Amino acid sequence: MTAEPVPAEPMTDAQTGARARRYSPTEIEPRWQRQWGEDGLYVASTDSDRPKYYALVMFPYTSGDIHIGHWYNFAVADVHARYKSMHGFNVLMPMGYDAFGLPAENAAIDRGIHPHTWTMDNIERMTRQIKTMGGMYDWSKTLAACLPEYYKWNQWFFIKFFEKGLAYRAKAPVNWCPKDQGVLANEQVKDGRCWRCDTPVVRRDLEQWFFKITAYADELLDFSQIEWPERVETMQKNWVGRSEGVQFDIPVEDSAHKISVYTTRIDTVFGITWVVLAPEHPLVDTLTTPEQREAVTAYQQQTSMLSEIDRQSTEKEKSGVPLGTYAINPVNGARVPIWIADYVLGTYGTGAVMGVPASDERDFEFAKKYELPIIPVVVPEGWDGSELAAAYIDPGVMVNSGEFDGLPSEEGKVKVAEWIEAKGIGQRTVNYRLRDWLISRQRYWGTPIPMVYCQGPCGIVPVPEADLPVVLPEDAEFKPTGESPLASHPTFTRTTCPTCGGPARRETDTMDTFMDSSWYFLRFTDPHYDRPPGFDTEKTDYWMPVDQYMGGVEHAVMHLLYSRFFMRVLRDLGLTKESEPFKRLFNQGAILGPDGFRMSKSKGNVVNPDDYVTTIGADAVRCYLMFIGPWDQGGPWNPAGIGGVTRLLGRVWALVTEPREVQSVDASAESKLRRAVHQTIRDVTDDMEKFRFNTMLAKLMTLVNGMYEARGSVSDEVWNEAIRSLLLMIAPSAPHLAEELWTTELGRPYSIHRQPWPTWDDAVTAEDEIRLGVSVNGKPRGELVVSSDQQANEERIKTLALALPRVAALVEGKTVRRVIFVPGKMLNLVVS
Ligand code: ANZ
Ligand code: ZN
């Protein structure tokens, strides 16, 4: 479905008048876009005496057509960047493409189009469409992450990470289709089955590459250098998930084995009534009795089908199986059974936990289900000794805890930890939820990992720098088998060892596409730079960090966390000075389809902006997107209100192009207009700074109304100041209209987009009259309007207040005991 084209607003009589030119956006807009491009108006350079300002929108994925949601991101972001440019900054605002990924590969499988062709065609079309926005994007610096000149540096960084010990290989589970014999991406698993052949998917361990982001876990919790929305910082904090606890050993009965557990509630250690291992824990096999083996193996099998998310879901009924063996609580000698349960993850902490049902909801549920004992150890103040109806999870008083009885549990936490450390049973540790970043993808359309496996003595060897890039072979076959086309390529895999020259096998996995987005902002400063490290450090030292990053909140963790990690590694490699890539972040909302759902081709609710651009023009679409609400809110697309902004643009056009007839100059009309102009500049500036584009446009509409009222009664000087200010203020929002009126109609110096932002005079913004509240005994009883030079004159204001009929009635027959006066604000009479 495409949107109904909306016809341009009918022109007013005045606009169609003989002398005035018609406002024709479809004629003006392409002309100025061409002109700005030819003049290189928006080409950013480090050679400037203005302060730098790097404005960046998250680069788009090469999905096909540009929809109205892209406009919402890019056109509105452009308004802000244009404002910054006029406001005295040397602005860099680049645009490029996130161009690797699965959809291109699927197009190849489904339609026989090579991923490269599919992607480059999309880039061409999208570029053409984005250019119709009339943005200040610096197209001389565009890039596409799928080109060898770009991904060569992904490979270079990978090798640096490897040399620093930050890239390593380890086994990690993948979704595996036993029938296709191939790896599936998460999105290719539908209800636990392969999307192609419907075979149940299993999890299988494969050797894969990881980046050691956990080495930077603590540093990633430091947000002191950045100003980001609170919720994004919170999401990152939760993702990193730092917790402080104790790791200690629980001995197995009649055995030399010990089970190491991690807990954040060591104060509850006397309440252990069982110990649980993750089903995949390495000790499970050893600790299972023959009687329990069958049940244990079946349970392990069953868990291997579940994702970690499913396993930890609070809705899922807890389940587990006892191993048949026992452990001894080292603090009190209690003998407790050992279980496995899927809610314990093998990859977090030690992969084993102590079960304390009295203090943990999950354990409580588990104890009830399997009839395991519940021993209260931390209880609310004043507890009467009765059975607990639910887990008590808050801090309280310790009981049944030997020498610690009676201690407040928060204090107990420290005391027990010290005691455990002193006895040599365990020690305090810090744990993180954050996992290392799994880089390997078993796909074609990504950056080849530049590693070689020597079949001789050398092991894993990086491809030498001189041999980079390792280029994706063009002649890959795209078959729906799930196997990466690189793995089955006849010659790609075969190579020689860079160290010994013997036969070797090339790595066939490619990199996660988040690699591409982790440093593209550096490359944008000089996207064809062809020496290490893939960006010109002089330029990045000048432009970085990004001053304003703009994009959707869906990237709160992965992309935004990976980029922060990447910058820190580059900093430690001596390649950048900054640790933070993005100083400020703004999350704009999403534009939904007219039906209120996320726009998607399959739902048929995609709104195509081209239909509007070719009728009402880009400026109107830009303004409408700004006008529909606060930028961080978005909402369903509803073109019903578009007339409001087309009318505004038409009225601005008419104000400038129609001849003005002055009957007589009126001093009060002049000061009123000047005041309105200066107040509007002040308020619009504030709105621009704070991304309040909707209220900003509303203020311009009010000013335009005021100008229509005043146009017959003000001098040229006052009028021209108003026109000049109006055009400058509307230039970021409606860049074509403003340029046409400024340069062509008024003959002012080209370009309006190079002019300084207008300034206001506080003295002019001051109102002539002010309103003062009048109260009697603290209750508001009336209002006075006085000229501003009288606002501090207490005697005069008191007299005027006493003359107000309502006040006079209340004071009648009483005495004014006290007068409280706040100049310019209020007067309170205390009477009795
Ligand atoms: C006993 C206990 C008693 C716990 C109690 C909590 C409350 P965070 O804050 O996320 O670090 N845990 C430890 N390792 C686990 C694993 N591999 N899989 C599942 N759960 C695991 O959480 C730490 C708590 O999560 C630990 O403290 C442990 O349960 C559990 F009243 O130990 B606790
Ligand atoms: Zn070798």
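Yes or no, residue by residue, for (1) closer than 30 Å to residue 421 by Cα; (2) surrounded by 14 or more Cβ atoms within 10 Å (Cβ to Cβ); (3) of a type outside the set (A, V, I, L, M, F, W, C); (4) more than 16 Å from ligand 2 (Cβ to nearest atom):
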{"position": "184", "(1), (2), (3), (4)": "no, yes, no, yes"}
{"position": "217", "(1), (2), (3), (4)": "yes, yes, no, yes"}
{"position": "231", "(1), (2), (3), (4)": "no, no, yes, yes"}
{"position": "235", "(1), (2), (3), (4)": "no, yes, no, yes"}
{"position": "240", "(1), (2), (3), (4)": "yes, yes, no, yes"}
{"position": "244", "(1), (2), (3), (4)": "yes, no, yes, yes"}
{"position": "247", "(1), (2), (3), (4)": "yes, yes, yes, yes"}
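Identify, please: which residue in the range 305-344 is in contact with a Lys or Arg (Cβ under 7 Å, 6 or more places away or on another chain) and within 14 Å of ligand 1 (Cβ to nearest atom) and is, among those, farthest from residue 373 (Cα to Cα)?
Taking the candidates together, the pick is 310.
Looking only at the range 165-212, count every residue that is within 30 Å of residue 566 (Cα to Cα), at pLDDT below 85 and in a loop (DSSP other than H, G, I, E, B) and tell me the total.
Of the residues in the range 165-212, 1 are within 30 Å of residue 566 (Cα to Cα), at pLDDT below 85 and in a loop (DSSP other than H, G, I, E, B).
Report, by residue number, each residue of the range 644-675 that is exposed (fewer than 15 other Cβ atoms within 10 Å of the Cβ), assigned to a helix (DSSP H, G or I) and in contact (Cβ under 8 Å) with a residue 60 or more places away in the chain.
Once the filter is applied, which keeps residues that are exposed (fewer than 15 other Cβ atoms within 10 Å of the Cβ), assigned to a helix (DSSP H, G or I) and in contact (Cβ under 8 Å) with a residue 60 or more places away in the chain, the range 644-675 yields only 671.
For every residue, the table says whether it meets (1) open to solvent by 10 Å² or more (accessible area, probe 1.4 Å); (2) within 16 Å of ligand 2 (Cβ to nearest atom).
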site: 478; (1), (2): yes, no
site: 487; (1), (2): yes, no
site: 492; (1), (2): yes, no
site: 495; (1), (2): yes, yes
site: 501; (1), (2): yes, yes
site: 520; (1), (2): no, no
site: 524; (1), (2): no, no
site: 537; (1), (2): yes, no
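Can you go through 263, 288 and tell me which one is crowded, with 20+ Cβ neighbours inside 10 Å, of a type in the set (S, T, N, Q) and touching a residue at least 60 places away in the same chain (Cβ under 8 Å)?
After applying the criteria, what remains is 263.
Select from the range 276-304 the residues that are assigned to a loop (DSSP other than H, G, I, E, B) and more than 38 Å from the chain's Cα centre (by Cα) and list them in ascending order. Break it down into steps so the answer makes sense when it comes.
Start the filter on the range 276-304 by keeping residues that are assigned to a loop (DSSP other than H, G, I, E, B), which leaves 278-283, 288-289, 304.
Result: 282, 283, 288, 289.
Touching a residue at least 24 places away in the same chain (Cβ under 8 Å) and either hydroxyl-bearing (Ser, Thr, Tyr) or under 30 Å from residue 260 (Cβ atoms) (or both): which single residue out of 426, 502, 456, 446 fits that description?
On the way: 502 fails: either hydroxyl-bearing (Ser, Thr, Tyr) or under 30 Å from residue 260 (Cβ atoms) (or both); 456 fails: either hydroxyl-bearing (Ser, Thr, Tyr) or under 30 Å from residue 260 (Cβ atoms) (or both); 446 fails: either hydroxyl-bearing (Ser, Thr, Tyr) or under 30 Å from residue 260 (Cβ atoms) (or both).
Sole residue among the options that is touching a residue at least 24 places away in the same chain (Cβ under 8 Å) and either hydroxyl-bearing (Ser, Thr, Tyr) or under 30 Å from residue 260 (Cβ atoms) (or both): 426.
Can you report the number of residues in the range 305-329 which are open to solvent by 50 Å² or more (accessible area, probe 1.4 Å), closer than 27 Å to residue 258 by Cβ and under 37 Å from the mean Cα position of the chain (by Cα)?
Of the residues in that region, 2 qualify.
If you scan the range 368-384, which residues turn out to be assigned to a loop (DSSP other than H, G, I, E, B) and either open to solvent by less than 50 Å² (accessible area, probe 1.4 Å) or touching an Asp or Glu at 6+ places or on another chain (Cβ under 6 Å) (or both)?
Once the filter is applied, which keeps residues that are assigned to a loop (DSSP other than H, G, I, E, B) and either open to solvent by less than 50 Å² (accessible area, probe 1.4 Å) or touching an Asp or Glu at 6+ places or on another chain (Cβ under 6 Å) (or both), the range 368-384 yields 372, 376, 377, 380.
Among (1) buried (at least 20 other Cβ atoms within 10 Å of the Cβ); (2) within 16 Å of ligand 2 (Cβ to nearest atom); (3) among the basic types (Lys, Arg), there is one condition residue 505 misses while meeting the rest; what is its number?
(1)
Of all residues in the range 345-362, count the ones that are in contact with a Ser or Thr (Cβ under 9 Å, 6 or more places away or on another chain) and near ligand 1 (Cβ under 6 Å from one of its atoms).
7
Restricting the search to the range 424-439, which residues are at pLDDT 95 or above and of a type in the set (Lys, Arg)?
428
Give the range 178-203 a look and list any residue that's over 32 Å from the mean Cα position of the chain (by Cα) and within 25 Å of residue 453 (Cβ to Cβ), or say none.
Once the filter is applied, which keeps residues that are over 32 Å from the mean Cα position of the chain (by Cα) and within 25 Å of residue 453 (Cβ to Cβ), the range 178-203 yields 180, 181, 182.
Out of the residues in the range 391-428 meeting the condition of being of a type in the set (Val, Ile, Thr) and loosely packed, with under 15 Cβ neighbours inside 10 Å, tell me which one is farthest from ligand 2 (Cβ to nearest atom).
Among them, the one singled out is 393.
The values are calculated or read from the model by the stated rules, or taken from the named source; none is laboratory data. Only a predicted model underlies this, so the values are computations on that prediction, with no experimental measurement involved. Reconstructed Cβ throughout: ideal geometry from the backbone, glycine too, with neighbour counts over all protein chains shown. In case anyone asks, the SASA skips ligands and DNA or RNA and just uses the protein heavy atoms, side chains included. Shrake-Rupley method; radii C 1.70, N 1.55, O 1.52, S 1.80 Å.
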